[in-house]
Amino acid sequence: MSRPFTSSPFRQYADKLAQTLARQDWQGVTVLANELATVWREGRRVFICGNGGSAANAIHWANDFLYPIAKSGGKGMKMMALPANVSVLTCLANDIGYEKIFSTQLATEGEPGDLLIVLSGSGNSPNIIKALEQAKLSKMKSFAVLGFTGGKCKDLADVILHFPIDDMQVVEDLQLIVGHMLLQAFCQTQNSGTT
């Protein structure tokens, strides 16, 4: 490295994130919140998946909805992160192909009335596309949190939360922000005694 960093790239990144948040229409998040509330109230299950950083975010969401929303009493949400079980992932990837690692789990675990959330930058990952296709076969409602152009997932998911920005790190930040927005909304609802 020839020169020390200045604050410029950090300010640019912060500005890009702030501008994306400021121009977003949050109606899709409202729809997702209401659907999650129904699934939670009825004791059904939520499945969530993604690849790479999006996989880590999916696991983070599942953690947040299992415990923090239950702190004021009652049960957390039944949310399963499909990328979390390394044994299952490596078995399925080795035996039937990486593109089926999520859809095969959904075919076994998912039931009508359950919910699928996919997190994807491009919206074109074959295993995410197959997960959305399986959700339809299993009569599950699907949501997609997408970046870039939204890719093929825009035509497959029932509800789209699209952030049209060509920056994977910002897209991954936004996935986590949406999860945290939902978490805080649910915690506030729990504390006020309404769901």
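The values are calculated or read from the model by the stated rules, or taken from the named source; none is laboratory data. Small disclaimer: the values here were computed from a predicted structure and weren't measured. Methodologically, a virtual Cβ is constructed for each residue, glycine included, from the backbone with ideal geometry; neighbour enumeration extends over all protein chains shown. When the accessible area is computed, the model is the full protein with side chains, heavy atoms only, and any ligands, DNA or RNA have been set aside. Shrake-Rupley method; radii C 1.70, N 1.55, O 1.52, S 1.80 Å.
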Based on the Cα coordinates of the chain, what is the per residue volume of their convex hull in Å³?
145
Just to be sure I understand: with springs between alpha-carbon atoms less than 10 Å apart, which residue in 160, 48, 96 has the highest mean-square fluctuation in the Gaussian network model of the chain?
96
Give me the accessible area per residue for the chain, probe 1.4 Å, as a whole number in Å².
51
Taking Lys and Arg as +1 and Asp and Glu as -1, residues besides residue 16 with C-beta under 11 Å from its C-beta add up to -3
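Using the Cα centre of the stretch 39-158 as the reference point, and only Cβ charges (+1 on K/R, -1 on D/E), how large is the resulting charge dipole? Debye, rounded to the nearest 20.
The dipole of the stretch 39-158 has a size of about 300 debye.
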Hey, any idea what % of the stretch 10-95's accessible area is carbon plus sulfur with a 1.4 Å probe?
55
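Report in % the part of the accessible area of the stretch 136-176 that belongs to carbon and sulfur, leaving out ligands and nucleic acids; probe 1.4 Å. Before the final figure, lay out the partial values.
On the way: 970 of 1820 Å².
With neighbouring chains kept in place, the figure for the stretch 136-176 is 53 percent.
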How far apart, in nanometres, would the label points at residue 124 and residue 155 be if each is projected 7 angstrom from Cα along the Cα-to-Cβ direction?
1.3
